[in-house]
Structures are given as C-alpha cells and as structure tokens.
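Each reported figure results from applying straightforward, stated rules to the coordinates on display, with no laboratory input. Every value quoted in this text rests on a predicted model; they were computed, and no experiment measured them. Note that we place each Cβ from the backbone using ideal geometry, even for glycine, and neighbour counts take in every protein chain shown.
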Amino acid sequence: MTRQTRGPAGQTARLSVVLAAVTGFSFAAAAQDITVTSYGGIWEEAITECYAKEFNKRTGYKANVLIGSPAQWLSQVEANPDDPPINVIVSTQPNVLAAAEKGLYEPMTEENVPNLKDVPQFFKDAVEGHGACFDYGAFIIAYNKDTVKNPPKTTKELVERTLKGEWVLTMPSISYAISPTVLVWGFADLYGGDVNNVDPAFDVFKQLKDSGNMIAWSSVTDFLNQMSTGEADIGMYWDGRAWAFIDKGNDWLGVVAPEDEAVMTCVAMNAVKNSPPSVWEYLNIVFEPGPMSCFSDYLQYGVTNKLVTYSDKLKNRITPWDATRTGPAREIGKNTAAWIERWNKEIGH
Amino acid sequence: MSNTTSATPSAPLRRTRGFAGAVSPWWILLAGAFLVFFFVAPIANNLLNTDNLATLAERNPPSFYYKKLLTDAYYLKIVGVTVALSVGVTLICVLVGYPVALYLVRYAGRWSGLVIFLLIAPLLTSIIMRTFGWRVIFARRGILNDFLLSIDMLERPIMFLNGPGSVVVGLVHVLVPFMVLSIASVLRSIDPQIEESARILGANRFQTFLRVTFPLSLDGIGTGFIIVFLLANGSFVTLLLLGGGELRTLPLLIYQQFTISRDFQFAAAMSNVLLAIAVGCLYLQLRLIRRKGVKG
C-alpha cells in the first residue's frame, strides 16, 4: 500500500487532488467573474480603468467589459434569463423601467449597494427607484468656431438662425436611441407642449427640414465626423463628449450651454437577475466617489454621488443637473414607437 | 476501381456517378436539418412572433403589423423605395460593370491579374471605411466641393451627401465588383471564334457585340443581377452613413425597431416582407434569365 501510494499511481492520485483543488478554486473564482457593459469609445476606457480594474483589485474577480447598446444587451439577457450572459447593464431610463418591470433586474437598494445613500433622490426617482442613475449628460450646442463667429445663446435662437440660413445645423437622427427624449419631448417642452402634446416639436422640425439647413447625425461619432469634415457648422450634442473631443486637440469646436436649459438624460446601471453576488461589489464601486470621479474625468460627464469633487477643469464644464430639463421617462418610453413612426412620416430623418 | 480509372468513353460518367454515390443520404438529411433548424424555424418563429420582450410600448398581435405594412401608404412607399433602390443600383452596376468585365476578358491580356486585383482590393477594407471615404469626398467642405469652388463652377458648396445620389454612388462602389466578376466568368467561357465567325460573316464590331457576345453573356448578367440585387436589398450601413436618413428603406426601419422602439414584432414583420420581396424578385429574375439566357 505504502509503495503504491509512493509510486506513480500515488503521484497521480495526489496530482488529481491538487488539480481538483486548483480547478475547483478556479471554478469558484470564475463563478464570481462577471460581465459588465459599456458604450463604445471613451466609455469603454473609462469603465475598464475606473470600475473593472478596481473591481478586480478589490475582489480578485474579473469584470469582462462588453461593448454594445442597451437594446442588444437586454435581448441577450431575455434570451437566457436563467443563466444570463451579462450581469450588469448600462441603460437609459425607459429601458431600466421596462427591464425592471419584466423582472430582469435584481432590486437594488442601499443594503446591497451602500453607496446609493449618497446619491440624490432625484437620480433614484429618475428610474422610479430601480437603482439610480450614475452619470448624466446635458444636450448642449456645439459649433465650429471657424464658421460660427457669434454662436446662439439659446436653443430657440439656434432654431431661428438656422431657419434664416446662417449655418448648417446637425441634429440627431430619430434612429439615435436618445432622440425621442432630446428631440421630441425636449422641443415639445421648450415650445409649450408636453409629453402628451408633441405637436410643437414636430412643427419646429418640419420648418427646419423645409429650410434645407438641417442634416442628421446617426451616432455620437457621426456628429464629430460631420463637424470635422465641414458637413455641419453647428449642432446639438452631449456636453461631456464635446469637451472630451476639444481636449484631444480640436479647439476649433466651441460649446454653449443653452440659457433656456439643456435637456438632461441620465444613465443607470443595474444587476441582472441570477448573477453572481459579486455584482453588488461592482455596483458599489460604480457609485463610490473615487471611481466615480475617475469616470467623470474620462468622460467629462456629471456623476451622481454628491460626495464627488470635480477637478478644477471639470467644475466649469459640467452642467449642473438642477439647471437642466428632464423628461418623464415612463411616458417617453410608452410613446417612443408612435413618435418614431410619426417622425418617419413627417420629418424623414 | 479499375473501371473508374480506365480510359473508356463512359469513364467520366462513372466518375460522376461515383461522386453522387459518395454523398450519403445522411449528409443530405444533415444539410436539410441544418436548413430547417437555422433558416426555416427562425422564419416560422418570425412569422408567428408573439414575443413578450421588455418594453413600455403597447403590444399588438402580429396581424396588426402586417396590415399596417401592406395598407399604410407610408410603408408601401418604403417597400417601393427599397425595391426601386435595389433595382436602380443593380442596373447601374450592369452599366458600369459590363465594360470593365469585357475589357478584363478580351483586352486586358497580361494586365488582367492587375485589373482583378484592383477590383477585389476595395473588398479587403471595411465597408465602413469605404463608405466613410465617400463622406470625405462629398462633404460640404470636402474634396469635391473644394475642387468645384476652386474652378468657379460653384458659388457655394452643394450638399452632395444625405440624399439618394450619395447612397447610390456608395452602393455601386461597394457592389460593382460582384457584377464584374459574375459577367467576366461567363464572358471568359465564350469562345472568341464565335465572335470571329460573326465578323467573317459581315457583322461589324457593334453588331457582333449586340447579337453574339451580349446574348451569350446574359447568364453572367443574370447571376450578377441576383447577387447585387440581394445585397442592395438588405444594405444598411451605406444608407445610414451616406443617406443621412433622407432615403428610408426597410432595413433602416428594421434597425430602428430593434434599437430604439424594441418593437421586435414590427421588425419581424418588416423582415418577413423584405424576405418575400427578395424571394419574389429572385423568382422573377430566374424566370427572365431562363427565358432570355442561353439554352443548353
């Protein structure tokens, strides 16, 4: 017996035990690894550097960052809710409400994400208590300083001077995910309508379209391409992305926060049901002042933990959330399909 | 074994039989099962789609969407634009591609390899890069406008982009190699002696082309037509990047439904209509080719 144990068979047995221990450990580790999501471009860099790496440092588990869009991620989870391929989803307010009501998300409270206690109620209400928004952006005016010497101060002035033919304006296409909020609701609200009466927005965009001075951008990079190639002189865009572009040496781009209040939308992160418990640690990191500040430095967007202190550079750039307009996410979500159809028929891009 | 390798007149036939015999019915069954599982079943699911996906929008039965697509004037127009764009692009590809294919086969000689490389080279780069190249050229302050302004042909820049013209140019650029290669492969199989015979019998070059070469190459045009039409019918990136939303087709609307409305039922209905259009056009084209093409 002793000889057998010491012989090759015994070595194999011992090796098997060691392997089982090692692989068992690695399976346990893998079971706590998570897949998180991010939009493309600088978003991916920020999510990886500020959140995923921090998560790995603290827990030893890996957070794989998946690039895409909320609609795509939700579809992937809906296809396999019992063993979801994604554990944390970044998404817009209407998508959070729809997914939470469908039961795709775990309830997110201060018990499992303690840092939520420092997030203003406003950002929890924005997603009706299904967690909270972690960052927000204001839809501002960005212009080419070389071709627009006297930029407009308000959104209404932007519209009036576009109709006069002073420049070529680029606005998001209706095929851009946030357009129902920033275009349809945003302009309806600005011109005296509301979520149930969006005629004023359609009237404005019909005029802009008929003027021949408006084109459309289909993605956030498309806007920058149009401005860089001179296709457009001025447009409406996200404040953070505009500043990030300027900081990359494009100081010909100027930014105006409209005095008639920019539309603000915020982005939430939620834990998908049937995910490993480590998702809560990840989400707690997301809402923690340090990593959030890191995220904000990358994207130049406002973040929602009130304990975050912005760098001097960002202080003057980030539009205060209480100086913006926000739409009713649920009603916008309910009306999106109808608005898109109407836009297709009446405006066309 | 010896039968199949012996140099008897029936040897090739035997080899053919041998090849056919080598294809086991199980392989055919496997291929059939693959098609059923990955093609027929998804389409059937699409047809009967009553999904229950996360959305705040109101749900409707599938018939609601088909009715809307087939009765609403707007959607009928979109269907018409989709077909017209695909047919238009395909015809332009024939007009552009045929001379290139003819040159490649009949006149390029030792340069034919280079011509084929030049044709295929653009396919090696991403369609997005190729399409973006057109944006740089067509931009309001782009190369084309700058040139036209510099020679005083324009007083102010023209918007070349964001319209049907730029989309057609982009699609033709992307798809014309498929047409050229389809036509060239058939032209290459035409015996030049047939054309020479026509010339000897008194036909001039144009008559020879019109009455001999062109009819004999109809199969190549037909093949190219089908490939280009189907690719144009489902094209999406070029429309998105060069059309600026001004030219709306079914693929663009499907994209909207998937990414913004999350109305998968409407998207499924649209994709089924698009598929039906593609199959219908394919059937018509095949009938046309059989009628006009070279018989046996």
Checklist entry - Measuring from label point to label point, each 7 Å out along Cα→Cβ, what is the B:Leu275 to B:Ala73 span in nm? => result 3.1
Item to check | GNM flexibility winner over chain B from B:Thr259, B:Thr82, B:Thr131 (Cα, springs under 10 Å) | outcome: B:Thr259
Checklist entry - Can you list the lysines whose alpha carbon sits under 27 Å from that of A:Lys248, skipping same-chain ones fewer than 8 residues off? => result A:Lys53, A:Lys145, A:Lys149, A:Lys153, A:Lys313, A:Lys315
Next on the checklist: For chain A, take the longest principal axis of its alpha carbons; what is the angle in degrees between that and the long axis of helix A:329-346, to the nearest 10 within 0 to 90?
Outcome noted: 50
Checklist entry - So, by mean Cβ neighbours within 10 angstrom, what's the order for B:186-198, B:246-258 with the highest one leading? => result B:246-258, B:186-198
Checklist outcome for this item: For chain B, the Cα convex hull volume per residue in Å³ comes to 232
Checklist entry - In peptide B:233-243, what is the residue-averaged number of other protein chain Cβ atoms found within 10 Å of each Cβ? => result 1
Checklist outcome for this item: For chain A, averaging the sequence separation of alpha carbon pairs under 8 Å that lie six or more residues apart and dividing by its residue count, the contact order in percent is 26
Checklist entry - For the protein assembly as shown, what is the calculated [θ] at 222 nm in deg cm²/dmol (nearest 500), taking -39500 (n - 2.57) for each run of four or more DSSP H residues and dividing by its residue count? => result -16500 deg cm²/dmol
Item to check | Order of B:Trp26, B:Trp111 under a 10 Å beta carbon neighbour criterion, fewest first | outcome: B:Trp26, B:Trp111
Item to check | Burial ranking of peptide ranges A:321-329, A:107-115, B:266-274 (average Cβ count within 10 Å, highest at the top) | outcome: B:266-274, A:321-329, A:107-115
Checklist entry - What residues have an amide H closer than 5 Å to that of A:Ile215, excluding those fewer than 5 places away on the same chain, when H is modeled at 1.01 Å from N in the peptide plane? => result A:Leu169, A:Thr170, A:Met171
Checklist entry - A:Leu66's amide H: which non-local residues (gap 5+, or another chain) put their own amide H closer than 5 Å, with H modeled 1.01 Å from N in plane and none for Pro or chain starts? => result A:Val36, A:Thr37, A:Ser38
Checklist entry - Quick one: Cα centre-to-centre distance for region A:271-349 and region A:216-252, in angstrom? => result 20
Next on the checklist: Give the average, rounded to an integer, of partner chain Cβ atoms located within 10 angstrom of each Cβ in B:252-259.
Outcome noted: 4
Item to check | chain B: relative contact order in percent, alpha carbon pairs under 8 Å with at least 6 residues between | outcome: 25
Checklist entry - Per 20 Å bin from zero, what fraction in whole % of the C-alpha pairs of the protein assembly as shown is there, up to the bin with the longest pair? => result 15, 41, 30, 12, 2, 0
Checklist entry - Looking only at A:Phe295, A:Phe223, A:Phe245, which one moves most when chain A is put into a Gaussian network model with springs between Cα atoms under 10 Å? => result A:Phe245
Next on the checklist: Quick one: 3J(HN,Hα) in Hz for region A:67-72, Karplus 6.51/-1.76/1.60 with θ = phi - 60°, rounded, Gly and Pro as x.
Outcome noted: 8, x, 9, x, 4, 5
Checklist entry - In whole Hz, what ³J(HN,Hα) sequence does region A:185-202 give by Karplus (6.51, -1.76, 1.60; θ = phi - 60°), x for Gly and Pro? => result 5, x, 6, 4, 5, 5, 9, x, x, 7, 5, 9, 9, 9, 4, x, 5, 5
Checklist entry - Could you put A:Leu104, B:Leu275, B:Leu47 in order, starting from the residue whose Cβ has the fewest other Cβ atoms within 10 Å? => result B:Leu47, B:Leu275, A:Leu104
Next on the checklist: Calculate the FRET efficiency for B:Leu154 and B:Ile43 from the Cβ-Cβ distance with a Förster distance of 41 Å, rounded to the nearest 0.05.
Outcome noted: 0.25
Item to check | Inter-chain shielding of A:335-342 (mean C-beta neighbours from other protein chains, 10 Å cut-off) | outcome: 5
Next on the checklist: Connecting C-alpha atoms closer than 10 Å in a GNM of chain B, tell me which of B:Gly245, B:Gly202, B:Gly222 has the biggest fluctuation.
Outcome noted: B:Gly202
Checklist entry - If we sort B:159-167, A:162-170 on the protection proxy, mean other Cβ atoms within 10 Å, highest first, what's the order? => result B:159-167, A:162-170
